[in-house]
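Please read the structure below before turning to the comments.
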Amino acid sequence: NAGVTQTPKFQVLKTGQSMTLQCAQDMNHNSMYWYRQDPGMGLRLIYYSASEGTTDKGEVPNGYNVSRLNKREFSLRLESAAPSQTSVYFCASSELPGEKLFFGSGTQLSVL
Amino acid sequence: EDQVTQSPEALRLQEGESSSLNCSYTVSGLRGLFWYRQDPGKGPEFLFTLYSAGEEKEKERLKATLTKKESFLHITAPKPEDSATYLCAAEGGSQGNLIFGKGTKLSVKP
């Protein structure tokens, strides 16, 4: 019962470096999401994919890109990392939009 | 502006001391109110979904209720293992996405 798997768990980047966060779910869910969680703030939606082949911006999309590679996988790319992107990133999935979310264990990213 | 506000920010209870967590929302066209539990270093875990005012759901020592303006998470006779951050989220509003509150950090001491 893997559920939602995120890699890596920890990452340190220098300003300007790029990286891709990987996410895969094995529940045959249609919808997938990327959130960031910062101290003193609620979870904020970066991008989501309501179904395979579609992606849409969330509340805080600037500086990020996403790819819905197939039904299982949804990746988040930082093209030129900035210190403001230091955060904990969570991938989540749901069977359909608006239904309960299943979260991965998170990626702690530090940008120096 | 669509908003979800949780109170208190932190709550310390003795084992067995019942209490309630509050989630106030101003979201137009609410389609669902969600409660999640988050343990340190982990992703949130789903607890309940409530859809209409007056609805209640229970799971072990937890009961969630919903009115037109707020939701409560009642914790009856809590145990130390109930210690976690509890997140409330409302789906609806102008964007139609899930809006999370900042959470209530619950500590239950033996």
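Remark: mean inter-chain Cβ contacts per residue of B:97-108 equal 4, using a 10 Å Cβ-Cβ cutoff to other protein chain atoms. Divided by 2.2 N^0.38 Å, where N counts the residues, the Cα radius of gyration of segment A:41-91 comes to 1.15.
Fewest neighbouring Cβ atoms within 10 Å first, the residues A:Thr54, B:Thr49 line up as A:Thr54, B:Thr49. In terms of packing, defined here as the mean over residues of other Cβ atoms within 10 angstrom, the peptides B:80-93, A:70-83 line up highest first as B:80-93, A:70-83. Set the bar at 30 Å for Cα to Cα. Now go through A:Lys14/B:Lys42; A:Lys9/B:Lys57; A:Lys71/B:Lys42; A:Lys57/B:Lys59; B:Lys63/B:Lys102; A:Lys57/B:Lys57 and name every pair that lies beyond it. Pairs exceeding the cut-off: A:Lys9/B:Lys57; A:Lys57/B:Lys59; A:Lys57/B:Lys57. Among B:His74, B:Val108, A:Tyr64, whose Cα lies farthest out toward the positive end of the dipole of the protein assembly as shown, if unit charges sit on the beta carbon of Lys, Arg (+1) and Asp, Glu (-1)? Among B:His74, B:Val108, A:Tyr64, the one farthest towards the positive end of the dipole of the protein assembly as shown is A:Tyr64. Each peptide in A:9-18, B:4-13, B:100-109 gets a packing score, the mean of other Cβ atoms within 10 Å over its residues, and the list from highest to lowest is B:100-109, B:4-13, A:9-18.
Charges at C-beta only: +1 for Lys and Arg, -1 for Asp and Glu. How large is the resulting dipole of chain B about its Cα centre, in Debye rounded to 20? Please list the in-between numbers first.
Working: 14 positive and 15 negative charges, 16 e Å.
The calculated dipole for chain B is roughly 80 debye.
According to the square roots a ≥ b ≥ c of the eigenvalues of the Cα gyration tensor, what is the shape class of segment B:45-103, taking rounded for a/c under 1.5, prolate for a/b larger than b/c otherwise, and oblate for the remainder? Note, shape of segment B:45-103 comes out oblate. What residues qualify as long-range amide H neighbours of B:Val108, i.e. H under 5 Å apart, gap of 5 or more or another chain, H built at 1.01 Å from N? It is B:Leu13, B:Ser83, by chain and number.
The numbers here are math on the coordinates, done by the rules we state, and not lab data. These figures come from a predicted structure and were not determined experimentally. Because the Cβ atoms are built from the backbone with ideal geometry, glycine has one as well, and the counts that use them run over all protein chains shown.
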